[in-house]
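Right, one structure below, let's go through it.
The values are calculated or read from the model by the stated rules, or taken from the named source; none is laboratory data. Not measured: the values here are computed from a predicted model. Using ideal geometry, Cβ is built from the backbone for each residue, glycine included, and neighbour counts are taken over all protein chains shown. Note: areas computed on protein heavy atoms with side chains; ligands, DNA, RNA excluded. Shrake-Rupley method; radii C 1.70, N 1.55, O 1.52, S 1.80 Å.
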Amino acid sequence: MSLDNAPDAAFNEALIKEVLEQYPEKAAKKRGRHLNVKKTDDAGSSSCGVKSNIKSVPGVMTIRGCAYAGSKGVVWGPVKDMVHISHGPVGCGHYSWSQRRNYFNGTVGIDSFVTMQVTSDFQERDIVFGGDKNLEKMIDELNVLFPLNKGISIQSECPIGLIGDDIEAVAKKKHKETGKTIVPVRCEGFRGVSQSLGHHIANDAIRDWVFEKSKPEWETGPYDVNLIADYNIGGDAWPSRKLLEEMGLRVVGMWSGDATLAEMERAPKAKLNLIHCYRSMNYICRHMEEKYNIPWVEYNFFGPSQIAKSLRKIASQFDETIQANAEKVIAKYEGLVADVLAKFKPRLEGKKVMLYVGGLRPRHVANAYDDLGMTIVGTGYEFGHNDDYQRTTDYVKEGTLIYDDVSGFELEQFIEKIRPDLVGSGIKEKYATQKMGVPFRQMHSWDYSGPYHGYDGFAIFARDMDLAINSPIWSKFKAPWKAA
Amino acid sequence: MPQSADKIKDHISLFKEPEYLELFATKKAQFECRPTDDVVAAQVEYTKTWEYREKNFAREIATINPAKACQPLGAVFVAAGFEGTLPYVHGSQGCVAYFRSHLARHFKEAVPIVADSMTEDAAVFGGLANIVEGLQNAYTLYKPKMIVVSTTCMAEVIGDDLSAFIATAKEKESVPADFPVPFAHTPSFVGSHTTGYDNQMKGILSYFWDRESQLTGTAGEKINIIPGFDGYAVANNREIKRYLDTMGVDYTFIGDVSDVYDTPSDGEYRMYDGGTTLDDTRAAINAKATIGLQEYCSLKTLEYVATKGQQTAAFNYPMGIGATDAFLMKVSELTGKAIPASIEKERGRLVDAITDSQAWLHGKKFAVFGDPDFCLSMAAFLMEMGAEPTHVLATNGGKDWEAKAKALLASSPFGASGQVWAGKDLWHLRSLLFTEPTDFIIGSSYGKYLEKDTGIPLIRMTFPIFDRHHHHRFPTFGYQGALRVLVEILDRVFEVADESDISFDLTR
């Protein structure tokens, strides 16, 4: 990588100052804590230098979502053989209906319910009189219409907590009556500061209402692992699973992309938890470690260097057979990796990338870009915590611009001034960026492409970055009669 | 190995490769504990029966795949249609992330909206501090000409008073005292996005008309157009304006997103572009009349407008021959401007096209779902072409709408077999399509699940359209729009015919 593409710390610091000057004083002070550049001190200690997981500033156009999005949208929604009730008014379930692209195999409305919008559609009378009675009735109705469901989750929307409904009591009663798993989740959108608390609450619900209520029968094997926190967006978890199986591991549970309830119930029987999205499921891994003595390992299946590193790291938890298999797997894909790099690296080398995404990607994809010769010049998390930013220091270069819970205003200014070759963020950021003439890929939904995980996914990732940056359309933005 | 650099396979083809099919089969057999294929197949068949339909229609609480969104979505859509206006939502921030994403996915445009991010403390103490700070930040950073405030259900449940809060924010100089901040309470647990549209439109008009503007006492010559919530607004508004310009009518199009949600790519991001000017909005109080293009998006608004002494008229989505005729004749009646020969010729060309093609549509059965106004005009247009609207379903349709839709079907022999389904959802429609099938479905992208399950082809004609690109950039209103609707329906009819080897005709 050429040095002139390295992030420019002084420029970035000046840019932060310039942006903050445009805020009212109070907001500038608040936002100032969330913007910085990555630095390493003389003792060699690196920091992103930002505060995180703090309330968003009103009126600045935060890009964040809510706890409901973190629970229903992220953690629970993909569990395919359960019906997930969006409990409250119609909107939340409507806007999140089929938007995460959590792929699965199954028959919708029969034994799988991922792409359905099931809601109690609260009316004014429910706000006034409470929704518990109707919730009971609704659970009965769902069991009649969807008899093959393995369970029901109740995803609370804002009003539930405000009107004092007791959804836990309903869950207990219905569980007793039907024997089926009923999971009440207190993920009202006003709780916490972002999606993040929703993940945590959803994790706790798995602990309390799945683990505590089930006694799975399972003949354990020495190589049983859970693949945790891969939501199978565009099919991500499948190439990941393929790699693990190829190295001789038995994936007994896949969470929660393409997951069945049985795979969740069985998890405490595994030997090791492998966690991809640390942010959204570290809680349940820590719980399984404490309660069931199951160690957990973070891994990263974006891009060949991280994949190889992760395969070796995972293998190191097992015996020599698995370790030898890991080397075989890495060797097996060497040809594919070389071909992909030969094809795309010359087209992408030296390109500057800005990211602004969710749970793990602001750091996890960085090395995949490095593999292609591209440089991350700015990155930030919608709902990261301090531990995310600490982990990020291992991934990004000195001087990289860091922005936590960035506002629309800040992001536009940063993009306009830095003029990266590519921005990776979400649907809300996509069109403003493209209008500026800056190539863009949605890095939540893979822009309707994917999978991006594993070696099979890396080829698609490389192709997609190339087609975004090297599209001929960018040269047509200026009318020829206006071109200088 | 399934993947190669030469021919990179993404999800569309990768997961058909044998390695993945084997992975799926193993996962299913060893780890998933799903019901057996026989049990699944039996349930699939059972859901197609009348017995299942009866169970399905017996439910009282569960709402499954409803074709409606919530109030604030309609409110922010209204707000976006004004010059330099920033929609602002008082309440939880997650809702705003959803509205922005939802509209961006359909229009493929940036959708700037701010939230004031109320959290647990605001739930206890109320959201006054949020609105005071939020208005100041939004005003300073985004430099709007107007901020329009609506609410999420959180703010509504705790009973925040927008009028008092905004007044306090102005006292605290969050925004200048004379800066327009119209508002509407838009609880998600009442009505749907069409209700929110109505409430917010009334909120904006009453802000200007009751506080700022004066009735001059003599009605002007202008007419106002209020379009309603329309995913095709970008093209439809322009088409309506073309007609009005052609007729020489002086008008104000109130809440016009046509340029807002259709900005060019030329290197500049326009956060604000187009929209009804605030001056025009103020002056609109003195119009001669106001026409709502969608009755169920402007019930309260038109009632309010009438209190200002204006004539009002409401239409149900002017799509099709009769609906366009009625709209143009009303405009002509109100303004005294004749419908020119050029428009009459357009009409003639549409009638000509339908005459050429009607044989392919005569007697074909359609299920139509969508917003109340869309359903009415779509059903009416189908009947004009000799097709039969068999199921007409609006999840957000009420009793009035139901009566109106029934009367519409009763007005034509082609509606004789038609049934109206107010307040029902797309899981109800699934049962209807299995037990009383149609030849085609007309609706939004959400209809693709019905198409997959029932095998009945879907024609995408209404918001939201997420899985096809740019449909909304071409009009469905007026005679030209009707022609486009006709062609889309015909294309699907011919595609179905082409599925047969024998009937694979070159000429039709």
Next item on the list: Using only the alpha carbon atoms of segment B:321-386, find the Kirkwood hydrodynamic radius as the inverse mean reciprocal pair distance, in angstroms to one decimal.
Entry: 13.5
Notebook entry, point to check: chain A: percent of C-alpha pairs farther apart than 33 Å?
Noted result: 40
Next item on the list: For the protein assembly as shown, evaluate the Debye formula with one uniform point scatterer on each Cα (no solvent term) and list log10 I(q)/I(0) at q = 0.08 Å⁻¹, rounded to two decimals.
Entry: -0.80
Next item on the list: Along Cα→Cβ, 7 Å out, is where each label goes; now give me the distance between the ones at A:Ala10 and B:Phe125 in nm to one decimal.
Entry: 4.4
Item checked: All lysines inside 16 Å of B:Lys406 as judged from Cα atoms, apart from same-chain residues fewer than 8 positions distant -> B:Lys424
Margin query: Largest first and in whole Å, what are the equivalent-ellipsoid semi-axes of segment A:252-352 based on the Cα gyration tensor, each being the root of 5 times an eigenvalue?
Written below: 31, 17, 12
Next item on the list: Convert 10 °C to kelvin, take the viscosity as 1.306 mPa s, use the Kirkwood radius over C-alpha pairs of segment A:97-157 as Rh, and evaluate the Stokes-Einstein diffusion coefficient in µm²/s, rounded to a whole number.
Entry: 121
Note to self: Can you give me the angle between helix A:237-246 and the longest principal axis of chain A, using Cα atoms only, in degrees from 0 to 90, rounded to the nearest 10?
What the structure shows: 90
Note to self: Rounded to two decimal places and with Rh computed the Kirkwood way over Cα pairs, what is Rg over Rh for segment B:353-508?
What the structure shows: 0.95
Note to self: To the nearest 20 Debye, how big is the dipole of the protein assembly as shown about its Cα centre, given +1 on the beta carbon of each Lys and Arg and -1 on that of each Asp and Glu?
What the structure shows: 560
Checklist line | Against the rule of thumb 2.2 N^0.38 Å, how large the Cα Rg of segment B:122-172 comes out | finding: 1.13
Next item on the list: Please work out the Cα convex hull volume for segment B:25-101 and give it in Å³ per residue.
Entry: 206
Notebook entry, point to check: When the dipole is taken about the Cα centre of chain A, and only Lys, Arg (+1) and Asp, Glu (-1) are charged at their Cβ, what size is it in debye, to the nearest 20?
Noted result: 720
Next item on the list: Using only C-alpha positions, report the orientation-averaged shadow area of the convex hull of segment B:431-495, nm², one decimal.
Entry: 4.7
Next item on the list: Calculate the length of the line joining the C-alpha centroid of segment B:411-463 to that of segment A:236-299, in whole Å.
Entry: 42
Notebook entry, point to check: Over the heavy atoms of A:Phe461, what accessible area does a 1.4 Å probe trace out, to the nearest 10 Å²?
Noted result: 0
Notebook entry, point to check: If each Cα of segment B:104-188 is one equal point scatterer, what is log10 of I(q)/I(0) from the Debye formula at q = 0.12 Å⁻¹?
Noted result: -0.36
Margin query: Translational diffusion coefficient of segment B:249-343 at 37 °C, 0.692 mPa s, Stokes-Einstein with Kirkwood Rh over Cα pairs, in µm²/s as a whole number.
Written below: 215
Next item on the list: Calculate, axis by axis, the spread of Cα positions in segment A:144-281 along the three principal axes, and write the results as whole Å, longest axis first.
Entry: 52, 36, 27
Item checked: Ratio of Rg to Rh over segment A:1-156 (Cα coordinates, Kirkwood Rh, two decimals) -> 1.18
Note to self: If you take every DSSP beta bridge fully contained in the protein assembly as shown, what fraction is antiparallel? Give it as a percent rounded to 5.
What the structure shows: 10
Checklist line | Size of electric dipole in segment B:1-146: Cβ of Lys, Arg +1 and of Asp, Glu -1, about Cα centre, debye, nearest 20 | finding: 400
Checklist line | Selection from B:Phe165, A:Trp97, B:Asn137 lying farthest towards where the dipole of the protein assembly as shown points positive, charges on Cβ | finding: B:Asn137
Notebook entry, point to check: In what order, largest first, do A:Arg125, B:Arg347, B:Arg468 sit by accessible area if the probe radius is 1.4 Å?
Noted result: A:Arg125, B:Arg468, B:Arg347
Check: Percent relative contact order of chain B, based on C-alpha pairs within less than 8 angstrom and at least six residues apart?
Finding: 15
Notebook entry, point to check: Out of every Cα pair in chain B, what percent are spaced more than 35 Å from each other?
Noted result: 41
Next item on the list: Quantify, in whole percent, the carbon and sulfur part of the accessible surface of segment A:119-278 (1.4 Å probe; protein heavy atoms only).
Entry: 49
Notebook entry, point to check: What distance in nm separates the simple spin-label points at B:Ala177 and B:Glu45, each placed 7 Å from Cα in the Cβ direction?
Noted result: 7.8
Next item on the list: Work out Dmax and Rg for segment B:1-160 from the C-alpha atoms and quote the Rg first, both in angstrom.
Entry: 24.3, 63
Note to self: If you fit an axis through the alpha-carbon atoms of helix A:304-315 and take the longest principal axis of the Cα set of chain A, what angle between them do you get, 0 to 90°, nearest 10?
What the structure shows: 40
Checklist line | Dipole of segment A:146-291, positive direction: furthest Cα of A:Val193, A:Gly151, A:Asn226, with charges on the beta-carbon | finding: A:Gly151
Checklist line | Area buried, chain A against chain B - accessible surface, total, 1.4 angstrom probe, square angstrom | finding: 9300
Check: Considering only Cα-Cα distances, which of the following residue pairs are longer than 30 Å: A:Lys269/A:Lys428; A:Lys80/A:Lys133; B:Lys68/B:Lys308; A:Lys428/B:Lys68?
Finding: A:Lys269/A:Lys428; B:Lys68/B:Lys308
Item checked: Separation of alpha-carbon centers, segment A:69-95 and segment B:18-49, rounded to whole Å -> 23
Next item on the list: Could you grab the Rg to Rh ratio for segment A:315-438? Cα atoms only, Kirkwood for Rh.
Entry: 1.06
Next item on the list: Please identify every one of the GluC sites (Glu not before Pro) in segment B:284-393 that sits in a loop by DSSP and has no more than 12 other beta carbons within 10 Å of its own beta carbon.
Entry: none
Notebook entry, point to check: From the residues A:Thr107, A:His444, A:Trp238, which one has its Cα farthest along the dipole of the protein assembly as shown in the positive direction, the dipole being from +1 and -1 charges on Cβ of Lys/Arg and Asp/Glu about the Cα centre?
Noted result: A:His444
Margin query: Could you work out the percent of alpha carbon pairs in segment B:75-147 separated by over 19 Å, rounded to a whole number?
Written below: 36
Item checked: Using a Förster distance of 25 Å, the FRET efficiency for B:Ile339-B:Gln311 (Cβ separation, nearest 0.05) -> 0.85
Next item on the list: Any chance you could look up the accessible area of B:Thr395 with a 1.4 Å probe, heavy atoms only, rounded to 10 Å²?
Entry: 10
Next item on the list: Give the angle, between 0 and 90 degrees and rounded to the nearest 10, that separates the Cα long axis of helix A:408-418 from the longest principal axis of the Cα atoms of chain A.
Entry: 30
Notebook entry, point to check: Excluding ligands, DNA and RNA, what is the solvent-accessible area per residue of the protein assembly as shown at a probe of 1.4 Å, expressed in Å²?
Noted result: 34
